[in-house]
Amino acid sequence: MSVVVTGIGLVSALGANAGQTWQRLLSGESAIALRQPFSDLGPRPLAMLGKQSADLDPLLITAAQAAIQDAGLPGKLSDCGVVIGSSRGHQAQWERFLTTGMIEGWESSLPHMGAIAVARQLGSQGPVLSPMAACATGVWAIAQGADLIRSGQCDRVLVGAGEAAITPLTLAGFAQMRAMATTGCYPFDQRREGLVLGEGAAVLLLESAAAARDRSAHIYARLLGAGLTADANHVSAPDVASHQGGLAAIRVCLERSQLTPDAVDLIHAHGTSTRLNDAYEGELIQTIFPPSVWVTGTKGATGHTLGASGAIGAVMCVLALQQQTVPPCVGLSKPAFELRLPQTAVRTSLTTALCFSFGFGGQNAVIALSTP
């Protein structure tokens, strides 16, 4: 059964909606700035929505409502499935519990309650899932939603992820790992020094092609297939010795999407701007794909939104296919790899796009989309 994208909703530090984010991205702008949201922690480059750190549920609900409105559907959809994930969930609320010593309302902060908040807003009585796969969460959510449609359980599903990751524990944890940048985010660049945390949420409305046709819906893209694997290797580092987990995820995605490597026009890379990840991805791409494939990453503009990053990357792929434009790899000035990396927006013919996501624990997720 064919699955299509009929609505998108996006909230990022770069823009309050998908259109604003996309236009600022094409202009090469970045939302990253030196910020100090917590007085007991020093300033860091961050991509924040406002002066104070965001809360998860409002992010998810805003993105979900935007996707439904964009799809031309009513605000209440009782038969719509919901697959919404987050890698950190309501961690900020639990940190406040520890600070105040009060845990009133703790049940609303359980890991799956972001998905429940969206389902309640929607009035959904269909399946509600809340995947958690570290930074691969967003792509996992999209793949699971597509499976609900292909299995006949739903005609339409809201999928995506959100992250409100600017918390003292998250900042201190990544700093302790020496994974955070001190000046900025430069994916695939010679001067890359680490990741920059960001906030945001992205939600897509998926429908069966038949349901979309029946209501004459605008179709952004087709969702072809996904590859989901795990390295079983290390708590935080990819398997740089064999690359087998990442290679398997790409190959499974291509097989299920009935694509050959030379049929892929664009890859939205995970592109964290860390020494290890970018080198790992560069080798994966060079092993499988021809030099002609465009490779971009948008974390230099939006920051690394952890569990939401794959969903945001998928929205960027959808917009790239719709607009026939490769978005720039913001932050890139001196490429460290022999990849076709754009430093400015490029108008070109695009038919297929892949979105890569890699998470702690060796989570590998790849999804393929195409023009309608």
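The values are calculated or read from the model by the stated rules, or taken from the named source; none is laboratory data. The shown structure was predicted, so the numbers you read here are calculated from the model rather than taken from an experiment. Reconstructed Cβ throughout: ideal geometry from the backbone, glycine too, with neighbour counts over all protein chains shown.
List the number of the failed condition for GLY9; all other conditions in (1) in a helix (DSSP H, G or I); (2) within 16 Å of the chain's Cα centre (by Cα); (3) closer than 26 Å to LEU129 by Cα hold.
(1)
Can you list residue pairs whose Cβ atoms sit under 7 Å apart, with the first residue in region 296-325 being touching a residue at least 12 places away in the same chain (Cβ under 8 Å) and the second being outside any helix (DSSP H, G or I) and among the basic types (Lys, Arg)? Count only pairs 6 or more apart in sequence or on different chains.
Short answer, once both residue conditions are applied: LEU306/ARG88; GLY307/ARG88; GLN324/ARG347; THR325/ARG347.
Taking region 167-216, which residues are more than 15 Å from LEU46 (Cα to Cα), surrounded by fewer than 16 Cβ atoms within 10 Å (Cβ to Cβ) and in contact with a Pro (Cβ under 7 Å, 6 or more places away or on another chain)?
Within region 167-216, none qualify.
Let me confirm something: among LEU41, LEU46, LEU25, which residue is closer than 21 Å to SER86 by Cα and not charged (D, E, K, R)?
LEU46
Would you confirm whether or not region 4-23 contains a residue that is touching a strand residue (DSSP E or B) at 6+ places or on another chain (Cβ under 6 Å) and surrounded by fewer than 21 Cβ atoms within 10 Å (Cβ to Cβ)?
So far as region 4-23 goes, no, none of its residues is touching a strand residue (DSSP E or B) at 6+ places or on another chain (Cβ under 6 Å) and surrounded by fewer than 21 Cβ atoms within 10 Å (Cβ to Cβ).
All but one of (1) polar (S, T, N, Q); (2) within 20 Å of the chain's Cα centre (by Cα); (3) assigned by TED's automatic domain parsing to the domain that holds ALA301 hold for THR167, so report the exception by its number.
(3)
Got at least one residue in region 56-74 being surrounded by fewer than 19 Cβ atoms within 10 Å (Cβ to Cβ), assigned by TED's automatic domain parsing to the domain that holds ILE116 and over 30 Å from PRO327 (Cα atoms)?
yes
Sort through ALA92, ALA67 and tell me the only one that's part of a helix (DSSP H, G or I), closer than 18 Å to ALA161 by Cβ and modelled with pLDDT under 95.
The conditions single out ALA92.
ALA248 is checked against (1) assigned to a loop (DSSP other than H, G, I, E, B); (2) small (Gly, Ala, Ser); (3) over 18 Å from GLU338 (Cα atoms) and fails just one. What number does that condition carry?
For ALA248, the failing item is (1).
What strands (runs of 3 or more DSSP E) lie completely within region 255-372 and have 1 or more residues being over 24 Å from ILE219 (Cβ atoms)?
Ranges flagged: 294-296, 352-359, 363-370.
Considering only region 122-133, I want to know if a residue exists there that is surrounded by fewer than 14 Cβ atoms within 10 Å (Cβ to Cβ) and either within 23 Å of SER309 (Cβ to Cβ) or aromatic (Phe, Trp, Tyr) (or both).
No, region 122-133 contains no residue that is surrounded by fewer than 14 Cβ atoms within 10 Å (Cβ to Cβ) and either within 23 Å of SER309 (Cβ to Cβ) or aromatic (Phe, Trp, Tyr) (or both).
Looking at region 28-55, which of its residues are basic (Lys, Arg) and surrounded by 15 or more Cβ atoms within 10 Å (Cβ to Cβ)?
The answer is ARG35, ARG44.
Name the residue, out of SER87, SER39, that is assigned to a loop (DSSP other than H, G, I, E, B), touching a helix residue (DSSP H, G or I) at 6+ places or on another chain (Cβ under 8 Å) and either on the phi < 0 side of the Ramachandran plot or of a type outside the set (S, T, N, Q) (or both).
From the options SER87, SER39, the qualifying one is SER87.
Write out, first by first residue and then by second, each pair whose Cβ atoms fall under 7 Å of each other, whose residues are 6+ apart or on separate chains, and whose first residue, in region 24-36, is in contact (Cβ under 8 Å) with a residue 12 or more places away in the chain and not assigned by TED's automatic domain parsing to the domain that holds THR325 while the second is in a helix (DSSP H, G or I) and not β-branched (Val, Ile, Thr).
Hits for this filter: LEU25/ALA301; GLU29/ALA301; SER30/GLY300; SER30/ALA301; ALA31/ALA301.
Here is a yes/no grid of residues against (1) farther than 22 Å from ALA141 by Cβ; (2) under 22 Å from the mean Cα position of the chain (by Cα); (3) free of Cβ contacts under 8 Å to residues at least 40 places away in the same chain:
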site	(1), (2), (3)
GLY50	yes, yes, yes
ALA54	no, yes, no
PRO74	yes, no, yes
VAL82	no, yes, no
ILE103	yes, no, yes
TRP106	yes, no, yes
ARG120	no, no, yes
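Every residue in region 321-350 that is surrounded by fewer than 18 Cβ atoms within 10 Å (Cβ to Cβ) and at positive phi, please.
GLN324
Within region 258-292, can you find the residues that are within 20 Å of ALA345 (Cβ to Cβ) and buried (at least 20 other Cβ atoms within 10 Å of the Cβ)?
Within region 258-292, VAL264, ASP265, LEU266, ILE267, HIS268, ALA269, GLY271, SER273 qualify.
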